[in-house]
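First comes the structure, then the notes that go with it.
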Amino acid sequence: MSISRRALLAAGTGAIAATASGLLSACSSGGGGGGAAAASGRLEVFSWWTAGGEKDALNSLVAEFHQTYPKIAFVNEAVAGGAGANAEAELARRLKAHNPPDTFQAQAGAMLADYVDAGQLEDLSFLYKQQGWDKAFNPTVLKLIQRGGKFYSVPVDLHHINVLWSNLEVCNRLKVNPKPTSTTEFVEQLQKVKKDSKVVPLAIGLSPDQNWQVKHLMETLLIAALGATAWTSLWSVGGTSWSDPRITTALEQLTTILSLVPAGTTYSWDEACAQVAGGKAAYQVMGDWTEGLFTVDYHLVPHQDYEFCPAPGTAGIFDFASDCFTLPVGAPHRADAIAWLTQCGSQGGQDAFTTVKGAIPPRASFDATEKRLFDTYSLWSMQQWQSCTVVGSLTHGVMARASWNAAIDTAITAFVKDRDPQTLQSALVAAGQKYAV
Ligand code: GAL
């Protein structure tokens, strides 16, 4: 059974948590009947979903899981830190020590390939065959989660990365456009907000642990400057050069934008959302987990309290990421992990998760009944996914492996301190030469 997001919204977020934790305690104490015969009753799930709508979405998926497998206790091993800022290092330590969780969150694309190549994941092709997922899931996602024709993870969502969010009351009051269409227009709006008010123009965290937010912003500026084809070829040997003058322009724009933001802000992504939701900041460039927080936690209404649109200059492009779950080699409770993965790949599981998270399901098609579970933003996102040119995200795992990401992270940390776009570009050029495949 699918849990409708609307029902959850109407009941409030407390209801989601209560539903999940009620089921949890019932299961932990051995309550309930039915469930997977082979499962031992304990499931350790590792993710980085601890904030706002992420946590609510995980709870919603767990509640759905417990309807199917009431005897399996869910042990939440999430490590806080947006975009896996802390989780990835902790997971690497555990995998190295041969102490894997039963399943862990990964992201389709290059990030997942790191785990596959290290021999840390079991081949899940048997489950794909059994469940018919090789036909049910979106082909773009299927391509990113396989290696040599074998499937190594089960996707639960499709996130839209290049989205600009704005507070409508603030934008109307300050007479700035909530949906600027180019980077130049966006910079003009930010300058106007800064000049005319005490409102923070753009909510973003600048501390080293929030590096990924700057990378996320840089990613959207690069996509705007390069377009879909040149962005995609940036990651291959012989593709777009990292010294391309369009990249120089984008990095200068990044420097200008950050000069309009108070130095030393340390917001996590959800704290940045709270700034926009509460009218303390005008804009945020962030993936659509923001939407889950706005609507589920803050009860904001799209087009009334806040606006969303493609990140400036990226109309016609859908920059995406897809979260997925895996079966690590040596998972202590393998049968329970398979039960979890089966739920993650089901339409009910994906709907329960994505309707709360702000994402869309990674399935090949959405029928009218399924669409009724989704709200204004998600329907827009579905339409964009189906009509735009799709590109993969750097910040959220699709385009570059961990080593390349780490080199870019180091360059960004230095840049946030010295604000020198030329040094940043030189570091990006060097990283590209070293890691392009
Ligand atoms: C992304 C992930 C999303 C969301 C976000 C913020 O990398 O794909 O599911 O959790 O980080 O933490």
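So for H303, H396, what's the accessible-area order with a 1.4 Å probe, most first? All intermediate terms of the calculation are to be shown ahead of the outcome.
Details: H303 100, H396 5 Å².
Solvent-accessible surface, decreasing: H303, H396.
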Problem set entry | Nearest-20 debye value, segment 135-238 charge dipole, Cβ charges on Lys, Arg, Asp, Glu | 140 debye
Problem set entry | Ratio Rg/Rh [Cα only; Rh per Kirkwood] for the chain | 0.96
Problem set entry | Leading residue at positive end of dipole, the chain (Cβ point charges), from L394, G432, S166 | G432
Exercise. Which of rounded, prolate, oblate describes segment 308-356, given a ≥ b ≥ c as roots of the alpha-carbon gyration tensor eigenvalues and a/c under 1.5 marking rounded, otherwise prolate only if a/b is larger than b/c?
Worked result: prolate
Seminar exercise, completed: Classified through the alpha carbon gyration tensor (a ≥ b ≥ c as square roots of its eigenvalues; rounded if a/c is under 1.5, else prolate when a/b is larger than b/c, else oblate), segment 275-381 comes out prolate
Seminar exercise, completed: Label model pair K143, H98: point-to-point distance (7 angstrom along the Cα→beta-carbon line) in nm is 3.8 nm
For this session: Quote the charge dipole size of segment 375-437 about the Cα centre in Debye, to the nearest 20; the model charges only the Cβ of Lys and Arg (+1) and of Asp and Glu (-1).
Result: 180 debye
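If you place +1 on the Cβ of every Lys and Arg and -1 on the Cβ of every Asp and Glu, how big does the dipole about the Cα centre of the chain come out, in debye to the nearest 20?
In debye, rounded to 20, the chain gives about 160.
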Problem set entry | Axial C-alpha extent at least 18 Å, average Kyte-Doolittle at least 1.0 - helices from the chain (DSSP) | 13-28
For this session: Please work out the average accessible area per residue across segment 307-437, using the 1.4 Å probe convention, and give it in Å².
Result: 33 Å²
Seminar exercise, completed: At the level of C-alpha centres, the distance separating segment 234-251 and segment 388-425, in angstrom, is 12 Å
Exercise. Under the rule of -39500 (n - 2.57) per DSSP H run of 4 or more residues, summed and divided by the residues of the chain, what mean residue ellipticity at 222 nm is obtained, to the nearest 500 deg cm²/dmol?
Worked result: -15000 deg cm²/dmol
Seminar exercise, completed: Expressed in nanometres to one decimal, the distance between label points 7 Å along Cα→Cβ at A402 and E271 is 2.7 nm
For this session: Leaving out ligands and nucleic acids, note down the accessible area per residue over segment 112-266 with a 1.4 angstrom probe, in whole Å².
Result: 39 Å²
Exercise. In whole Å, how far is the Cα centre of segment 43-104 from that of segment 277-349?
Worked result: 15 Å
For this session: With a/c under 1.5 counting as rounded, go ahead and sort segment 254-321 into rounded, prolate or oblate using the C-alpha gyration tensor (a ≥ b ≥ c being the square roots of the eigenvalues; past the cut-off, prolate if a/b is larger than b/c, else oblate).
Result: oblate
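Which percent of the accessible heavy-atom area of the chain goes to carbon and sulfur, probe 1.4 angstrom?
The nonpolar share, carbon plus sulfur, comes to 53 percent.
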Exercise. If you average the sequence gap of Cα pairs under 8 Å that are 6 or more apart and divide by the length of segment 38-101, what percent do you get for the contact order?
Worked result: 44 percent
Problem set entry | Over 32 Å between alpha carbons, listed pairs K192/K417; K198/K371; K135/K215 | K198/K371; K135/K215
Problem set entry | Placed amide H near S182: partners under 5 Å, 5+ positions off or other chain | G313
Seminar exercise, completed: Between the residues V141, I223, P201, the Cα farthest towards the positive end of the dipole of segment 94-223, that dipole coming from +1 and -1 charges on the beta-carbon of Lys, Arg, Asp and Glu, is from P201
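The values are calculated or read from the model by the stated rules, or taken from the named source; none is laboratory data. Keep in mind it's a predicted model, so treat the numbers as computed, not measured. When we count neighbours, we look across all protein chains shown, and the Cβ atoms used for this are built from the backbone with ideal geometry, even at glycine. All accessible areas refer to the heavy atoms of the entire protein, side chains included, with ligands and DNA or RNA removed. Shrake-Rupley method; radii C 1.70, N 1.55, O 1.52, S 1.80 Å.
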